[in-house]
1. Give me the residue from the stretch 162-189 that is in a strand (DSSP E or B) and among the hydroxyl-bearing types (S, T, Y) and, out of that set, surrounded by the most Cβ atoms within 10 Å (Cβ to Cβ).
2. If you go through the stretch 112-121 one residue at a time, do you hit one that is among the basic types (K, R), in a strand (DSSP E or B), at pLDDT below 85 and under 30 Å from the mean Cα position of the chain (by Cα)?
3. Are any residues in the stretch 131-150 in contact (Cβ under 8 Å) with a residue 60 or more places away in the chain and outside any loop (DSSP other than H, G, I, E, B), and if so, which ones?
4. Please specify each residue of the stretch 95-111 satisfying the condition of being modelled with pLDDT under 80 and among the charged types (D, E, K, R).
5. From the list T238, T204, pick out the single residue that is within 22 Å of N58 (Cα to Cα) and modelled with pLDDT of 85 or more.
6. Is it the case that S82 is hydroxyl-bearing (S, T, Y) and modelled with pLDDT of 85 or more?
7. Within the stretch 190-219, restricting attention to residues that are outside any strand (DSSP E or B) and touching a residue at least 40 places away in the same chain (Cβ under 8 Å), which residue is surrounded by the fewest Cβ atoms within 10 Å (Cβ to Cβ)?
Amino acid sequence: MKKVFLTIAISFMALAANAQIIIGGNIGFGMTNGNTVTTTTIGGTETTVTVDNPSTSNFYIMPKIGFGINEKMSAGIILGYSTTTATRFLNAAPIGATNYEGWRKVTNNSINITPYFRYNAASLNNFTLFCEAALPIAISPETAIKNYESYDLAGNHVETNVDTKGAKQTSFGITVTPGLNYALNSHLSMDIYFNAIGLGYITTKTTTVNETPAAKVVDVDTDNDFGFNVRTLPAAVTFGINYAF
């Protein structure tokens, strides 16, 4: 892996000596929440149960630096960071409990390194249609899991706050994504990536460690994903901005 990074770094230095420098990237933030309502009718009696769905927030930032080789081609590297947090509030209280509160929060962070190569296929006025090939590498440390409960049971107030760790992941692959660039002026431009029709192959290794006083069990699962809009792409459509020196 060190040889791969060294080769990429030397290639970029050679390009930078006689090439146009391009900096840019994109940033995104999103939240989801809601609830599921289930209505059951038995013998004319209707029962409605409402269950809160997990509340999820995600944030990513993907700065990039590239070099224009000529009017048709450019290459560079994207450095990305993303974090996703899912919180589920527990609806059902233990038997006999009052003033019950409980939740489970799962946080996953990911670091991404993505060398890329872009080819400008066609231009019309300020618009340029391009195709971008990338080699995404993602590393996710152990998932942080927090569990909390607080309730009165038989007159006693009990609190449980448990922190545990989940699986860690590494992934590597290749993606080819079409996009559209709009030049605002001679230096500033905006990218639109059509990830929904981007083709990719990603292989992901998930390592889970379960350790007890009696034994330590390491479970390694490998998953291969091939198709359009593979899961390393943040959304069906993403936007970016570039500044060329």
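The values are calculated or read from the model by the stated rules, or taken from the named source; none is laboratory data. This is a predicted model, so every value here is computed, not measured. Cβ placement follows ideal geometry from the backbone for every residue including glycine, while neighbour counts extend to all protein chains displayed.
1. Of all residues in the stretch 162-189, those in a strand (DSSP E or B) come to 162-165, 168-183, 188-189.
Subset that is among the hydroxyl-bearing types (S, T, Y): 164, 170-171, 175, 177, 182, 189.
Numbers: T164: 11, T170: 14, S171: 21, T175: 21, T177: 23, Y182: 13, S189: 19.
Of everything passing the filter in the stretch 162-189, T177 is surrounded by the most Cβ atoms within 10 Å (Cβ to Cβ).
2. First pass over the stretch 112-121, keeping only residues among the basic types (K, R): 118.
If we keep only those that are in a strand (DSSP E or B) as well, we get 118.
Still in the list and also at pLDDT below 85: none.
Scanning the stretch 112-121, I find no residue that is among the basic types (K, R), in a strand (DSSP E or B), at pLDDT below 85 and under 30 Å from the mean Cα position of the chain (by Cα), so the answer is no.
3. So in the stretch 131-150, the residues in contact (Cβ under 8 Å) with a residue 60 or more places away in the chain come out as 132, 136, 138.
Those that are in contact (Cβ under 8 Å) with a residue 60 or more places away in the chain and outside any loop (DSSP other than H, G, I, E, B): E132, A138.
4. If we filter the stretch 95-111 for residues that are modelled with pLDDT under 80, which is where we start, we get 95-104.
Scanning the stretch 95-111 gives E101, R104.
5. On the way: T238 fails: modelled with pLDDT of 85 or more.
Only one candidate qualifies: T204.
6. Yes.
7. So the first thing to find is which residues in the stretch 190-219 are outside any strand (DSSP E or B), and the list is 195-198, 212-215.
Add one more test, that the residue is touching a residue at least 40 places away in the same chain (Cβ under 8 Å), and what stays is 195-196.
On the way: N195: 20, A196: 12.
Taking the candidates together, the pick is A196.
The rows are residues; the columns are (1) acidic (D, E); (2) over 15 Å from G24 (Cα atoms).
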residue	(1), (2)
F172	no, yes
N195	no, yes
E211	yes, yes
A236	no, yes
A244	no, no
